[in-house]
Amino acid sequence: MELLKLIKNNAIKHKKRIVLPEGTEERTLKAADEIIREGIAQITLIGNPQEIKSLSEKYGLTQTGKANIIDPLNYEKKEEYADLLVELRKSKGMTKEEALNLVTNPLYIGVLMIKNGDADGEVAGAMNATGNVLRPALQIVKTEPGISVVSGAFLLLTEKPEFGEDGLLIVADCAVSPNPTAEELAQIAVATARTAQNIAGIEPRVAMLSFSTKGSAKNEMVDKVVKATQLAQAMAPELAIDGEMQADAALVESVGKLKSPGSKVAGKANVLIFPSLEVGNISYKLVQRIAGIEAVGPILQGMAAPINDLSRGCTVSDIVNLVAITVNQAAGLSK
Ligand code: ACO
């Protein structure tokens, strides 16, 4: 789709340094080869150099030799990163011995490279569970100023122009915060609207989803979404944010008019905010698998530097796309 081409072309202009900690994983290596060939990013692969070389030969890859390669057991900045880790985590009781052990873990090396200014972003998760990718990132890189909660958005490329922005929907949180408070949900809504602006270049119309539209049901879960809507509107009065509303009221013009007359969002939402991670994660996987909709992400929002987590079921092109998005996020954050 055009949007992904645009994102890749933008990435090529920025020349950002992206670290891939799973440097010996097959799809990651193949993606690195494509990224380097297309000039989408400068790549660092973390992994045993001999193994990377022989796997590259096995897969017929010609570009991975141009990557910066870090052997996690033997690299020159190991001591420096251990000291940085102790400094950052001493209030949590981190000792030098523990730090020296952690700086052999590629997922810690990746985020320490970013913190130390040696890389601009990271993509991982092809073979590590989300929690293991996120924990070092949340501990070391932390959130951007003014934001306390990290969340994960997906671009849904529905190819159905009647929905969202000519078929594009941006949805969150599908990846990080299991049960956000109303305050956190409001932050997630505003962060997702910014992702829609920065990555997709669209003017967001944000629907705060629930099983109720404008008071049609009474429940504490609905109350949370009503409160989050008010807080998000107060946080970003310039944005079109409305709720609570059901998914059909958000997406289908006739239903939106009927259930929420006069709303600037109902019937034409292009950003959907789910009330909890259960809803978000299950929903995106259902539309992806059953309806065959391309889901790009998760794009992590709210972190002080872009670190993105892959699904372990990802394809090579998922990795290439997410690296291109990460480059654009890094460029947006450095502006
Ligand atoms: N935003 C910002 N910071 C956070 C967040 C958040 N959402 N969650 C935790 N943190 C910070 C904490 O403040 C803490 O910082 P500190 O150590 O400096 O005080 C640090 O992260 C670790 O916090 P814990 O509460 O110990 O974190 P935990 O080990 O519970 O892990 C995690 C946090 C990994 C995000 C957890 O909530 C999680 O696993 N979430 C679900 C992820 C998931 O499995 N998603 C579904 C799959 S994704 C997919 O399908 C695409």
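The values are calculated or read from the model by the stated rules, or taken from the named source; none is laboratory data. Here the structure is a predicted model, which is why all the values come from computation and not from measurement. Quick reminder, even Gly has a Cβ in these numbers, built from the backbone with ideal geometry, and neighbours come from all protein chains shown. Just so you know, the surface numbers come from the protein's heavy atoms only, side chains and all, with ligands and any DNA or RNA stripped out. Shrake-Rupley method; radii C 1.70, N 1.55, O 1.52, S 1.80 Å.
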May I ask you to derive the FRET efficiency for residue 162 and residue 9 from their Cβ-Cβ distance with R0 = 25 Å, giving the value to the nearest 0.05?
0.35
Based on the mean of other Cβ atoms within 10 Å per residue, sort peptides 9-20, 320-331, 30-41 so the most packed one is first.
320-331, 30-41, 9-20
Sort 8, 218 by accessible area with a 1.4 Å probe, largest first.
218, 8
I need to check one value: relative contact order of the chain, counting alpha carbon pairs closer than 8 Å and at least 6 residues apart, in percent.
23
Excluding residue 133 itself, what net charge comes from residues whose Cβ is under 11 Å from its Cβ, given Lys and Arg +1 and Asp and Glu -1?
-1
From the backbone phi of the stretch 285-295, what are the Karplus-calculated ³J(HN,Hα) couplings (6.51 cos²θ - 1.76 cosθ + 1.60, θ = phi - 60°) in whole Hz, Gly and Pro given as x?
5, 5, 5, 5, 7, 8, 8, x, 7, 6, 10
Roughly speaking, what is the centre-to-centre gap between the stretch 294-322 and the stretch 20-67 when only Cα atoms are used, to the nearest Å?
18
Listed highest first by mean packing, meaning other Cβ atoms within 10 Å per residue, what order do 84-93, 112-121, 178-187 come in?
112-121, 178-187, 84-93
Against the longest alpha carbon principal axis of the chain, how many degrees, from 0 to 90 and to the nearest 10, is the axis of helix 49-59 turned?
60
Extension gain (nm, one decimal) between residue 2 and residue 216, 0.36 nm per residue minus Cα-Cα:
73.2 nm
Quick one: of the DSSP bridges fully inside the stretch 151-294, what percent are antiparallel, nearest 5?
35
Förster radius 45 Å - calculated FRET efficiency between residue 144 and residue 254, Cβ distance, rounded to 0.05
0.70
What does the charge count near residue 181 come to, summing +1 for each Lys or Arg and -1 for each Asp or Glu among other residues with Cβ under 15 Å from its Cβ?
-3
How high is the relative contact order of the stretch 151-294, given as a whole-number percent (alpha carbon pairs under 8 Å, six or more residues apart)?
32
Compare the peptides 206-215, 243-252, 285-294, 260-269 by average per-residue count of other Cβ atoms within 10 angstrom and give them in order, highest first.
243-252, 206-215, 260-269, 285-294
What do you get for the angle between helix 26-38 and the principal long axis of the chain? Use alpha-carbon atoms, 0 to 90 degrees, nearest ten.
90
Using alpha carbon centroids, what distance separates the stretch 74-111 and the stretch 223-240, in Å?
40
Nearest-ten-degree value, helix 182-198 long axis tilted from longest Cα axis of the chain:
70
Report the residue, chosen from 51, 26, 220, that carries the largest GNM mean-square fluctuation when the chain is represented by alpha-carbon nodes joined by springs under 10 Å.
220
May I ask you to give the percent of accessible area on the chain that is carbon plus sulfur, with a probe radius of 1.4 Å?
51
Using a 1.4 Å probe, what is the accessible area per residue for the stretch 151-294, in Å²?
45
Considering only DSSP beta bridges with both partners in the chain, what is the antiparallel share in %, to the nearest 5?
35
